[in-house]
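Structure record follows, encoded as structure tokens.
The values are calculated or read from the model by the stated rules, or taken from the named source; none is laboratory data. Source: prediction; values computed, not measured. Virtual Cβ from ideal backbone geometry, glycine too; neighbours counted across all protein chains shown.
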Amino acid sequence: MMNRILPFATVALAMFAAGPALAANAPADSDESTHDGKVVSVTNDRLVMSTKDGKEHTHTLAKEAKLTCDGKSCKMADLKSGHKIRVTTRGDDHKVATHVEAIDKNKMFANTHDGKVISMDGDKLTMSDKDGKEHSHTIAKNAAICCDGKTCKMADLKAGMKIRVTTKASNNDVATVIEALDQDTEFGN
């Protein structure tokens, strides 16, 4: 009997000991945030960008950072001044970029899509895409929501409104930015 229990106890002890190490390497999706802007300059592992309101700030590139230019893998040297970029940060240090997506020829970033509001239920948004296919997103706690270019609330989103949804780079089911149009006919970018 003891010969049967000993292997299970050994495995359980190993899992208990490895647990903290595995958790430390797990991605902190809940802390992931993105923001858009334009490249100002690039040097080694530093990226200076400007936001929509013209403010400049600097990001250091994480060792495992993913860089894409128009959907294809690229290097820091491929990022040129003026390129539209979306920077993703994770954890409690929002100065470290884990993903940089640049677009030059593409119209929109990879994790952004347009459609119409079907319904809102708590923190769930159900929308239809341009082809009429329905899908749902959970709204992130710190999601930025705007209606006709002005900050608004989830309650302001109404069925039939034209929307542009940006999701987390690591999870397409979680919306981080929702831009809605009611009066305006075109999105701001």
Residues of region 65-88 being part of a strand (DSSP E or B) and charged (D, E, K, R), in sequence order, are 66, 72, 84, 86
In region 165-179, what residues are crowded, with 16+ Cβ neighbours inside 10 Å and within 16 Å of residue 108 (Cα to Cα)? 165, 166, 167, 168, 169, 175, 176, 177, 178, 179
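Being closer than 22 Å to residue 164 by Cβ and either surrounded by 14 or more Cβ atoms within 10 Å (Cβ to Cβ) or without any contact (Cβ under 8 Å) to a residue 12 or more places away in the chain (or both): is that true of residue 49 here?
Values: closer than 22 Å to residue 164 by Cβ: yes; either surrounded by 14 or more Cβ atoms within 10 Å (Cβ to Cβ) or without any contact (Cβ under 8 Å) to a residue 12 or more places away in the chain (or both): yes.
In short, yes.
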What's the total number of residues in region 70-80 that are touching a residue at least 12 places away in the same chain (Cβ under 8 Å), surrounded by fewer than 17 Cβ atoms within 10 Å (Cβ to Cβ) and farther than 28 Å from residue 133 by Cα? 5
Exactly one of 116, 107 is in a strand (DSSP E or B) and either farther than 22 Å from residue 58 by Cβ or without any contact (Cβ under 8 Å) to a residue 12 or more places away in the chain (or both), and that residue is 116
If I filter region 26-59 down to residues being out of contact with any Gly (no Cβ under 7 Å at 6 or more places or on another chain) and among the small types (Gly, Ala, Ser), which single residue comes out as modelled with the lowest pLDDT? 26
Kindly provide the set of residues from region 144-164 that are surrounded by 19 or more Cβ atoms within 10 Å (Cβ to Cβ), within 19 Å of the chain's Cα centre (by Cα) and either at pLDDT 90 or above or not in a strand (DSSP E or B) (or both), ordered by number. 163
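Going through 98, 166, 126 one at a time, which residue ends up being closer than 30 Å to residue 60 by Cβ, outside the structural domain of residue 38 (by TED's automatic domain parsing) and polar (S, T, N, Q)?
On the way: 98 fails: outside the structural domain of residue 38 (by TED's automatic domain parsing); 126 fails: closer than 30 Å to residue 60 by Cβ.
Being closer than 30 Å to residue 60 by Cβ, outside the structural domain of residue 38 (by TED's automatic domain parsing) and polar (S, T, N, Q) holds for just one of 98, 166, 126, which is 166.
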For region 89-100, indicate whether the set of residues that are in contact with a Pro (Cβ under 8 Å, 6 or more places away or on another chain) and among the charged types (D, E, K, R) is non-empty. yes
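So which of 17, 62, 23, 12 is modelled with pLDDT under 65 and either surrounded by 10 or more Cβ atoms within 10 Å (Cβ to Cβ) or part of a loop (DSSP other than H, G, I, E, B) (or both)?
On the way: 17 fails: either surrounded by 10 or more Cβ atoms within 10 Å (Cβ to Cβ) or part of a loop (DSSP other than H, G, I, E, B) (or both); 62 fails: modelled with pLDDT under 65; 23 fails: either surrounded by 10 or more Cβ atoms within 10 Å (Cβ to Cβ) or part of a loop (DSSP other than H, G, I, E, B) (or both).
None of the other options fit; the residue is 12.
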Within the bounds of region 81-101, is there any residue that is touching a Phe, Trp or Tyr at 6+ places or on another chain (Cβ under 9 Å), under 22 Å from residue 142 (Cβ atoms) and either acidic (Asp, Glu) or without any contact (Cβ under 8 Å) to a residue 24 or more places away in the chain (or both)? yes
